[in-house]
Amino acid sequence: MSTKKYLIGLTGNIATGKSTVLRILKRLGARGIDADALVHQLMAKGTPVWQAILDEFGEGILGPEGEIDREKLGAIVFAKAEALKRLEAIVHPAVTARVDELIRQATEPVVVVEAIKLIEAGWHRTCDALWVVTCPREQQLERLMRTRKLSREEALLRIEAQPPQEDKVALADVVIDNSGSLQEMREQVEREWEKLFAEGSRRSPGVSL
């Protein structure tokens, strides 16, 4: 990954609030890159990634219009670690190439890359700082069940398919605790943002919430 600008790697386990932190940072003036959104684009019907996934997992993962049904694919890869690794081997190289391109194109002094597999993909090694978002397991479950209409068992499968939050926290430069209110999380993000410009090494975009 490119590192010419100040690059923040933003990660955390599923349903911890990474996307909310990214939105706050974008409002503050950072360039935000959502790796999961890029995956959606790269997996669109007819793309090379779509074809590679289809070849690997078969037509049973397709929806009625020939698109990849993420729920069907998820049922396979979250049930077996080996299947998840096969999927990641297809998707990660394409996402990495696209992220590199977007970083090069960015004009903002701070670029934030949000990715649930940021550490597993090794991207954190080229970031200037690693930010990790955390929240209690029960909050993860509640959010997954509410926002994705999953059963408790399905939500648990997704959570347990990932490394413990503590592993990410151990590598973090900044930890954002999302166990409280949105305002409390916003204040944490704003404090860390201000620290980036405290020494005057980067010119703050001066955007406020």
Worksheet item: Looking at Ala89, is it surrounded by 12 or more Cβ atoms within 10 Å (Cβ to Cβ) and of a type in the set (Gly, Ala, Ser)?
Response: no
Worksheet item: Is it fair to say Gln188 is among the polar types (S, T, N, Q), part of a helix (DSSP H, G or I) and buried (at least 16 other Cβ atoms within 10 Å of the Cβ)?
Response: yes
Worksheet, complete the sentence: How many residues of segment 10-28 are aliphatic (A, V, I, L, M) and either part of a strand (DSSP E or B) or within 17 Å of Leu118 (Cα to Cα) (or both)? The answer is 5
Worksheet item: Out of all the residues in segment 41-53, which are surrounded by fewer than 12 Cβ atoms within 10 Å (Cβ to Cβ) and in a helix (DSSP H, G or I)?
Response: Pro48
Worksheet, complete the sentence: Picked from segment 154-181 (must be closer than 19 Å to Cys127 by Cβ and not hydrophobic (A, V, I, L, M, F, W, C)), the residue modelled with the lowest pLDDT is Pro163
Item to complete: Would you point out the residue of segment 99-142, among those that are among the basic types (Lys, Arg) and over 21 Å from Leu84 (Cα atoms), that is surrounded by the most Cβ atoms within 10 Å (Cβ to Cβ)?
Response: Arg137
Response to the item:
Log entry, pairs with first residue in segment 173-198 being touching a residue at least 40 places away in the same chain (Cβ under 8 Å) and over 17 Å from Lys26 (Cα atoms), second being β-branched (Val, Ile, Thr) and part of a loop (DSSP other than H, G, I, E, B), beta carbons closer than 9 Å, six or more apart or on different chains, reads Asn178/Thr16
Item to complete: Assess whether Glu59 counts as being modelled with pLDDT of 95 or more and either over 20 Å from Arg148 (Cα atoms) or out of contact with any Leu (no Cβ under 7 Å at 6 or more places or on another chain) (or both).
Response: yes
Item to complete: Search segment 54-80 for residues being touching a residue at least 24 places away in the same chain (Cβ under 8 Å) and assigned to a loop (DSSP other than H, G, I, E, B), and hand back the single one that is surrounded by the fewest Cβ atoms within 10 Å (Cβ to Cβ).
Response: Ala79
Worksheet entry | Complete set of residues in segment 146-165 that are out of contact with any strand residue (DSSP E or B) (no Cβ under 7 Å at 6 or more places or on another chain) and assigned to a helix (DSSP H, G or I) | Arg146, Thr147, Arg152, Glu153, Glu154, Ala155, Leu156, Leu157, Arg158, Ile159, Glu160
Discussion item. Restricting to segment 1-14, and then to whatever is among the small types (Gly, Ala, Ser) and modelled with pLDDT of 95 or more, can you tell me which residue is nearest to Ile103 (Cα to Cα)?
Written reply: Gly9
Item to complete: May I ask you to verify whether Glu184 is at pLDDT 95 or above and under 23 Å from Leu87 (Cβ atoms)?
Response: no
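The values are calculated or read from the model by the stated rules, or taken from the named source; none is laboratory data. Because the structure is a prediction, the values reported are computed rather than measured. No Cβ is skipped: glycine too gets one built from the backbone with ideal geometry, and neighbour counts run over all protein chains shown.
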